[in-house]
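Taken together, the values in this text are just the output of simple stated rules run on the coordinates, not laboratory data. Quick caveat: nothing in here was measured; it's all calculated off a predicted structure. Because the Cβ atoms are built from the backbone with ideal geometry, glycine has one as well, and the counts that use them run over all protein chains shown.
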Amino acid sequence: MSELSQKEVLKLISHMTSSARGLIYEPKSYGPFRLIDSIIKLYQTLEEADVIKENGETDFDEIISELEAVKRDCLEEDCQEDCAEKLDAIINKLVVELNKEI
Amino acid sequence: MGELLNLIKKRRSIRNFRNDKIARDDLAELVEAAIWAPSGGNIQSWRFIIVDDDVLLEKIDAFSPGLSGNPPALIILCYDKNLAYKKGGKFGRDILSRMDISMAAQNIMLLAAEKALASCPVKSFNRGALIELLKLPDKIEPELLISVGYSFVEPPPPKRDKLEEICYFNNWGEENNE
Ligand SMILES: Cc1cc2nc3c(=O)[nH]c(=O)nc-3n(C[C@H](O)[C@H](O)[C@H](O)COP(=O)(O)O)c2cc1C
């Protein structure tokens, strides 16, 4: 049976809240990095808890690995344009996927 | 190239660790290296907590967005604010003690590199949560975490500025000043 423990939910909420708190004074470029990091953690938690229904066609692994690549790059100097482009491409894919679901 | 310069260049911030535990003797030796760093006025206000308990590591990780890769150990570098103030005044407490921590941190990370241990300095942690989790008394300020562990990865060195662009002999801005 799939199950998401309170502990895992608390860990996610703690991580995201601490990220938000830290970002108040951290460099602006940390923002996208922390959000992408949170997305990856959220997805891993949901996947490990086996709570994602497998009836869809969306290739989450592919989307997550693309996000991982952006996460690696997005703290590099002068990476804004490149990261914006890569995130736009991922978002375009997400629109297509969501259109299939809704 | 000299051995030390080689080691300095070899040290990397590593954010991916194997599960293997580190012997406590090795961890203690890293802190031994830390206390041989210079300290302003030799005040030595630094204090160290070595965390190798899995449950505590998991909790600290949840409140430390800058911490990555599930290290099997953390060295928490703190300083005693009261001692630093008593011996060094406001300057000692607010400036020297933090500089001392940085020097101690580099010693830890260099010895780790020599021992083929991976490490990463981490400043992005939630101070309040860490104080609570480690039961730190009021006078103890947590300044930096260093994750330590064995790793498979050897990341490429992040770019460094060219020496001639950031370093001058004598007057500012004079290139090739001999
Ligand atoms: C004061 C300080 C704070 C740092 N904080 C973090 C952190 O919170 N998380 C992290 O992953 N790396 C952190 N780093 C590591 C730097 O990102 C890293 O040193 C830099 O990118 C250069 O890479 P290198 O250490 O491999 O040469 C910190 C480094 C320093 C000196």
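For region B:33-178, averaging the sequence separation of C-alpha pairs within contact (under 8 Å, six or more residues apart) and dividing by the residue count gives a relative contact order of 30 percent. From the Cα gyration tensor of region B:122-178, with a ≥ b ≥ c the square roots of its eigenvalues, which class applies: rounded if a/c is under 1.5, or else prolate if a/b is larger than b/c, or else oblate? Oblate, since a/c reaches 1.5 and b/c is not below a/b.
Taking all Cα pairs closer than 8 Å and separated by 6 or more residues, the relative contact order of chain A comes to 30 percent.
Averaging the Cα positions of each part gives two centres, and for region A:3-45 and region B:33-47 these lie 35 Å apart.
Charge dipole of chain A (Cα centre as origin; +1 on each Lys and Arg Cβ, -1 on each Asp and Glu Cβ, all else neutral): 640 debye, rounded to the nearest 20. Span-like helix criteria (full DSSP H runs; alpha carbon extent of at least 24 Å along the helix axis; mean Kyte-Doolittle hydropathy of at least -0.5) are satisfied in chain B by B:97-114.
Shown is the FRET efficiency for residue A:81 and residue B:172, computed with R0 = 30 Å from the Cβ-Cβ distance and rounded to the nearest 0.05: 0.35. Each of A:89, A:44, A:15 was scored by the projection of its Cα onto the charge dipole of chain A, and the greatest displacement toward the positive side belongs to A:15; charges sit on the C-beta of Lys, Arg, Asp and Glu. Legend: residue pairs B:9/B:135; B:81/B:123; A:28/B:159; A:11/A:53, Cα-Cα distance threshold 30 Å; pairs beyond threshold, B:9/B:135. Each Cα pair under 8 Å and six or more residues apart adds its separation to the average, and for region B:1-109 the resulting relative contact order is 38 percent.
Under a 5 Å amide H cut-off, with hydrogens placed 1.01 Å from N, residue B:73 pairs with B:148 among residues at least 5 apart or on other chains. For chain B, modelled as a GNM with alpha-carbon contacts under 10 angstrom, which of B:83, B:163, B:74 fluctuates the most? Greatest mean-square fluctuation among the candidates belongs to B:163. Once both labels are positioned 7 Å from their Cα atoms along Cα-to-Cβ, the gap between residue A:9 and residue A:62 label points is 3.2 nm. Modelled spin-label separation between residue A:52 and residue A:73, with each label point placed 7 Å from Cα along the Cα-to-Cβ direction: 2.2 nm. Remark: spin-label model distance residue A:94-residue B:82 equals 5.0 nm, labels positioned 7 Å along the Cα→Cβ axis. Kindly identify region A:17-56 as rounded, prolate or oblate by the Cα gyration tensor criterion: order the square roots of the eigenvalues as a ≥ b ≥ c, call it rounded if a/c is under 1.5, otherwise compare a/b with b/c, prolate if a/b is larger, else oblate. Since a/c reaches 1.5 and a/b is larger than b/c, the shape of region A:17-56 is classed as prolate.
The convex hull around the C-alpha trace of chain A, projected and averaged over every direction, spans 7.5 square nanometres. Sorted fewest first by neighbouring Cβ atoms within 10 angstrom, B:46, B:172 come out as B:172, B:46. The DSSP beta bridges internal to the protein assembly as shown are antiparallel in roughly 95% of cases. Spatially, region A:67-83 and region B:125-139 are offset by 32 Å when compared through their Cα centroids. When chain B is treated as a Gaussian network with alpha carbon springs shorter than 10 Å, the biggest mean-square fluctuation among B:119, B:68, B:97 belongs to B:68. Using Cβ point charges alone (K and R +1, D and E -1), the dipole size of the protein assembly as shown about the Cα centre works out to roughly 1500 debye.
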